[in-house]
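Comments concern the structure below.
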Amino acid sequence: MAFTCWVSRLRSSYSKTITNLRTSFFHHLRTRGANTTAITSPYHFSKQNPFRFTCSNSLLPITLAGSLAIHFQSPPPLCDASLDSPSRGIGGKGSTEFVVQGSQKHLPQELIEELKAICQDNMSMDYDERYFHGKPQHSFHKAVNIPDVVVFPRSEEEVSNIVKSCDKHKVPIVPYGGATSIEGHTLSPHGGICIDMSLMQNVKALHVEDMDVVVEPGIGWMELNEYLEPHGLFFPLDPGPGATIGGMCATRCSGSLAVRYGTMRDNVISLKVVLPNGDVVKTASRARKSAAGYDLTRLVIGSEGTLGVITEVTLRLQKIPQHSVVAMCNFPTVKDAADVAIATMLSGIQVSRVELMDEVQVRAINIANDKNLPEFPTLMFEFIGTEAYAREQTLIVQKIISEHRGSDFVFAEDPEAKKELWKIRKEALWACFAMEPKYEAMISDVCVPLSHLAELISRSKKELDASPLVCTVIAHAGDGNFHTVILFDPNQEDHRREAERLNHFMVHSALSMEGTCTGEHGVGTGKMKYLEKELGVEALKTMKRIKNALDPNNIMNPGKLIPPHVCF
C-alpha cells in the first residue's frame, strides 16, 4: 500500500531513464525482502484471523532477531553513559557502525487487538511490508530489527488512539512519511509500530487572500503545488521528489529555493501534534506572527518524530512569479564557481536559486540522461520578478561571471526549457547511480557561513578527487550548503572506511569554520556522532531534558537525534 503510493508520487517527476534506474533499485529491495520471506517466513496467518499467527520451524532472518522474545523488556533507555568512549554504539562519539543495534520486546497481543480495532484493515504484519518500512530507500543505514506492525491511520483521532495504546504498552513508535530521508530517520532498531501517514493527504483549507493553506502531513509538496497552481500560489520548498509535508517539518528541510524563501521553519505557521501520551496540541494560531508564549511550532520542526506525530500543518504560501529566467555557465574550477555564487549574493541581487555541480556530477547527468553538457563545474541560477527585472538581473550576473573566468553562459525563458533544466538538477542523486548502479551513496550535508563556502568546497574537492571512490559535488551555493555523493560498496570494508573518512573530513572542516554537520537533511542516526562537537554537551543535555519531559517512556522514534551517551 505505502510502496504503491510512494512510487506514484515519484513517477510523475522522473525521466524515463531515471525511472528505470529507480524502479530497478526498488524492485531489488522488495524482491530481496520477498525472497527472504519465501525462504524463512517466521509466521503462519489464519485466514479467519490474519493477526493470529504461529511460529514456523524455519530460521529467522537477522532483521527479526529478538522478535519472538517471550518476556517483557524495559523501554529503550534514554541514555547510556557506557557509550561515552569512542566508537561504541551508533551515534556515540567516533562511531563508524552502519547497522543500528536495538533491543526488541515481545509485542503484546492486547496491543495488536487494539490497533486492529483502531485501524481496521489499514494495518499490516506482512514481512515484506515491514521490511520495506524498516529499510530507508535513500540510505545505506540499516537496523538489526524492523517494525513489528505497520499502521496507516486515516485521521488525527486514529493517530492519537494509536499513540495512546503504544504509550500504555511502552512500545516504540516510528512516524513514516515519504521515505526520502537519508540519515536513518525511519529505522526501527527496537521494532515496534511504524505509523505510515500516507493516507492522511488532504488539503483541509485554502485561504487564498491570506496566502496560507492547512494540510494533512501525508501530502507531497509536489502534489500540493499542483493543487495550488490554479490559484496562482505555490509552496516554495522543494526537497527531493516524493517528500511529504509532515516529513519535511520533522527534518526541518529546505531545498534549492531556500536562498530566497527560507527553510521549513520559516514557512510553517502552525502545527497540530499528537504528543507521546496521545494528547493533541495546536502549537500556534493562524496569524502571520505571534509573541504568545513558547514557540512550540519551532520546537517540533526538526524534532524528527522524537517529540510527537505531526497531524496537521498550516503553511505560508507565495505568489507564482510573473516571469523567471534560468541561466547556466561553466567554470574551470569549483572554487571559481563558488566565488561567483558568493559575489552574486553580495551584489544584492535577490536570486531564487543558485546551484553548483562539479564536473563529475555533470558527467553523471550526461550518462543518465543521454545529454551532452560540457563536463565542467557548473552554476545554475534562477531569477524571478517582472520580465524586465528578471532580464536585468541576468545581465548583472553575466557580468560577474565574466570577471571570474566563467564561460558558456546560456539562459532560458521558455517554460518547457526551464523545467527540463531544473529536472536535471532534481534528479542528480539518481544520475549518480547511473555511474555505479550496484553501489550505495553516503551523502554529506555540510553548511558553512557563505564567506567560507569557496574554501570548504575547494579543500573538500582535493580530497574527493584523490579518493578511489566516485564522488560528486552538488551545492545550494547561495546559502553555503553543499552535498557530496560518495558512491561505495557497503560490502567492501575498505570502501566503507574511505567513505566514512571523506564524510568525517568534510564535517570536521565545516565545524572548524563555524558551520554545521547538516544543513537540511537532519540528524537521524547518521549525524548524531557530530552533535556534541557542534553544539556542546550542555545543549544536548537540554534537548534530552525536553525529550524526557514530553516522552518519559521514550517511545517516540527512540535512538534518533540525541546521542545515546548524553545523560543529565
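Quick notes on this structure:
- Here's the picture: a label point sits 7 Å out from the Cα of A205 along the beta-carbon direction, and within the stretch 294-338 the residues with their amide nitrogen under 11 Å of it are 314.
- The packing ranking, built from the mean of other Cβ atoms within 10 Å per residue, places the peptides 369-376, 149-156 in the order 149-156, 369-376, highest first.
- S285 paired with E403, simple spin-label distance in nm, labels 7 Å along Cα-to-beta-carbon: 4.8
- Peptides 412-425, 485-498 ordered by average Cβ neighbours within 10 Å, highest first: 485-498, 412-425
- Each label point was placed 7 Å from the Cα along the Cα-to-Cβ direction; for K438 and A343 their separation is 4.6 nm.
- Taking θ as phi - 60° and the Karplus parameters 6.51, -1.76 and 1.60, the scalar couplings of the stretch 173-190 work out to 10, 10, x, 9, x, x, 6, 9, 6, 10, 10, x, 4, 9, 5, 10, x, 10 Hz in sequence order, x denoting glycine and proline.
- Debye log10 I(q)/I(0) at q = 0.09, 0.11, 0.12, 0.15 Å⁻¹ for the stretch 209-346, Cα point scatterers: -0.33, -0.48, -0.56, -0.79
- Taking packing as the residue-averaged number of other Cβ atoms within 10 angstrom, the listed peptides 438-447, 107-116, 175-184 run from highest to lowest as 175-184, 438-447, 107-116.
- Per residue, the solvent-accessible area of the stretch 185-282 (1.4 Å probe, heavy atoms of protein chains only, all protein chains present) comes to 31 Å².
- Dimensions (Å) - the stretch 392-504, Cα atoms, principal axes, largest first: 53, 33, 21
- Put simply, the C-alpha atoms of the stretch 310-351 give a gyration tensor, and the ellipsoid matching it has half-axes of 32, 16, 12 Å, longest first.
- Between S155 and E229, full extension at 0.36 nm per residue minus the direct alpha carbon distance yields a gain of 24.0 nm.
- The stretch 287-303 - phi-based ³J(HN,Hα) in whole Hz, Karplus 6.51/-1.76/1.60, Gly and Pro as x: 5, 5, 8, 7, 10, 8, x, 4, 7, 5, 4, 6, 5, 6, 5, x, 7
- Listed cross-link partners K142/K547; K419/K462; K319/K423 are compared with a 26 Å cut-off, the Cα-Cα value being larger for K419/K462.
- Rounded FRET efficiency, nearest 0.05, which uses the C-beta distance separating S451 from Q318 and R0 of 35 Å: 0.80
- Compared with the alpha-carbon gap, the fully stretched path from C567 to A117 is longer by 158.2 nm at 0.36 nm per residue.
The values are calculated or read from the model by the stated rules, or taken from the named source; none is laboratory data. Treat the numbers as computed from the prediction; the structure is a model and nothing was measured. Don't worry about glycine lacking a Cβ; one is built from the backbone with ideal geometry, like all the others, and counts go over all protein chains shown. Accessible surface areas use protein heavy atoms only, side chains included; no ligands, DNA or RNA. Shrake-Rupley method; radii C 1.70, N 1.55, O 1.52, S 1.80 Å.
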